[in-house]
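Throughout, read-outs are computed from the coordinates displayed, never taken from laboratory work. As the structure is a computational prediction, the values presented were derived from the model and not from experiment. Positions of Cβ are backbone-derived with ideal geometry, glycine not excepted, and every protein chain shown enters the neighbour counts.
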Ligand code: FEO
């Protein structure tokens, strides 16, 4: 890759990871990703905003060499995770005079994660500034825009925000600036669901803080740069709001077809009542798609067969993940089948303690669902529609 200029004296110097297909050994990356680092030349000082994943550090170095950067005064670290800070040790070898500029919590984490010497740091606080001569960086301490040490950097004169993970998308693209709005929206929504959704409450406040800055450009550390900040700010305002949609998500597994028949029946029953349904067969689904569907849904129905005495392990995994992601879902239920007993409903309801949901009557059936079971599923569909009407989304 080559460095690319965003504005006069401000360059993208990161790396594109076209082939990466998994993040944190958990998150599928169907479109790869990028690790965006940025170089800012001031009249007196030069700053690098974030680094790249250590697997790509030679690309960062190559970009800097091609730009003829012989000295870096400051390396701003907005987030201690490896994909942004992991090339710091190499950068300090090449630019030994560089000072790492970050907040206290991030400094502590970087020392633990990378064994960096404490004297290399210049610690900044919320709303503190750093002069590069004719350009000024202002820092906003924003815990939990992924980890507790995260911060945003704002280049005042150019009105460019460097928010690191926040507002990003896992997309490998040769477009420096967003071109394909629809593709970027979906990619950013999936990314929000997987990474930012658990911190929805805090992030809603940060979005308003960013709006107050009147930024011209948002340059995140994954995916394309936004020349039209309201595109991503409006999307975040929607995703982080308390508003839910007339949608039901059904993550399910079926071993011998009984639970599958129940899911099929409930799906049809909900569709007939005008409710949007998103069933996810956990043997085939991409968990990123499932997470994305939970951003807006009013209701989740977890459907599982009984394995020995509890839910299917695939369903346990999906339920655990959904609970971690803390979507704004308002109602939940459990359906499925069993052979000789079990504690599926009890186990699953205990697993969703982070979800602030009202539990609707579960439907557990022995063996193959019969007519009586289908009537119970009709009643569940009626209940869901009634609840959606009560919160005025139908
Ligand atoms: Fe892109 Fe939280 O790292």
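Given 10 Å bins starting at zero, what is the percent of C-alpha pairs of segment 248-388 in each, up to the one with the largest pair distance? Per 10 Å bin, starting at 0, the Cα pair percentages come out as 13, 49, 35, 3. Please report the antiparallel percentage of the DSSP beta bridges confined to segment 57-166, to the nearest 5. Here the share of antiparallel DSSP bridges comes out near 65 percent. Each part gets one Cα centre, and for segment 311-332 versus segment 247-308 those centres are 12 Å apart.
Using DSSP, restrict attention to beta bridges with both residues in segment 4-240 and report what percent are antiparallel, rounded to the nearest 5. Numbers along the way, then the final one.
Working: 27 of 39 bridges.
Once the DSSP bridges in segment 4-240 are tallied, antiparallel ones form about 70 percent.
Which of rounded, prolate, oblate describes the chain, given a ≥ b ≥ c as roots of the alpha-carbon gyration tensor eigenvalues and a/c under 1.5 marking rounded, otherwise prolate only if a/b is larger than b/c?
Prolate, because a/c is 1.5 or more and a/b exceeds b/c.
Highest GNM mean-square fluctuation among 373, 37, 272, for the chain modelled with Cα contacts below 10 Å: 272. Return one number: the angle in degrees, 0 to 90 and rounded to the nearest 10, between the long axis of the Cα atoms of helix 371-390 and the longest principal axis of the Cα atoms of the chain. The helix 371-390 is inclined about 50 degrees to the chain. Segment 353-370 and segment 151-193 have their alpha-carbon centroids 39 Å apart. Given axes a ≥ b ≥ c from the Cα gyration tensor, I'd like to know whether segment 1-110 is rounded (a/c under 1.5), prolate (a/b larger than b/c) or oblate. Oblate shape, in that a/c is at least 1.5 and b/c is the bigger or equal ratio.
Only DSSP H runs of four or more residues enter the estimate; each adds -39500 (n - 2.57), and after division by the residues of the chain the mean residue ellipticity at 222 nm equals -10000 deg cm²/dmol.
Could you tell me how many degrees, from 0 to 90 and to the nearest 10, lie between the Cα long axis of helix 104-114 and the main elongation axis, the longest principal axis, of the Cα atoms of the chain? So the helix axis and the longest Cα principal axis differ by about 90 degrees. In the chain, the longest principal axis of the Cα atoms and the axis of helix 229-240 are about 40 degrees apart. Annotation: peptides 313-321, 172-180, ranked by per-residue average of other Cβ atoms within 10 Å with the highest first, follow the order 313-321, 172-180.
In this rough spin-label picture, where each label sits 7 Å from Cα along the Cβ direction, the residue 320-residue 245 distance is 2.9 nm. DSSP finds beta bridges in segment 248-388, and of those with both partners inside it, around 10 percent are antiparallel. The listed peptides 124-130, 234-240, 250-256, 292-298, ordered by packing as a protection proxy, come out as 292-298, 250-256, 234-240, 124-130 (highest mean of other Cβ atoms within 10 Å first).
Between 26, 282, 270, the Gaussian network model of the chain with springs among Cα atoms under 10 angstrom shows the greatest mean-square fluctuation at 26.
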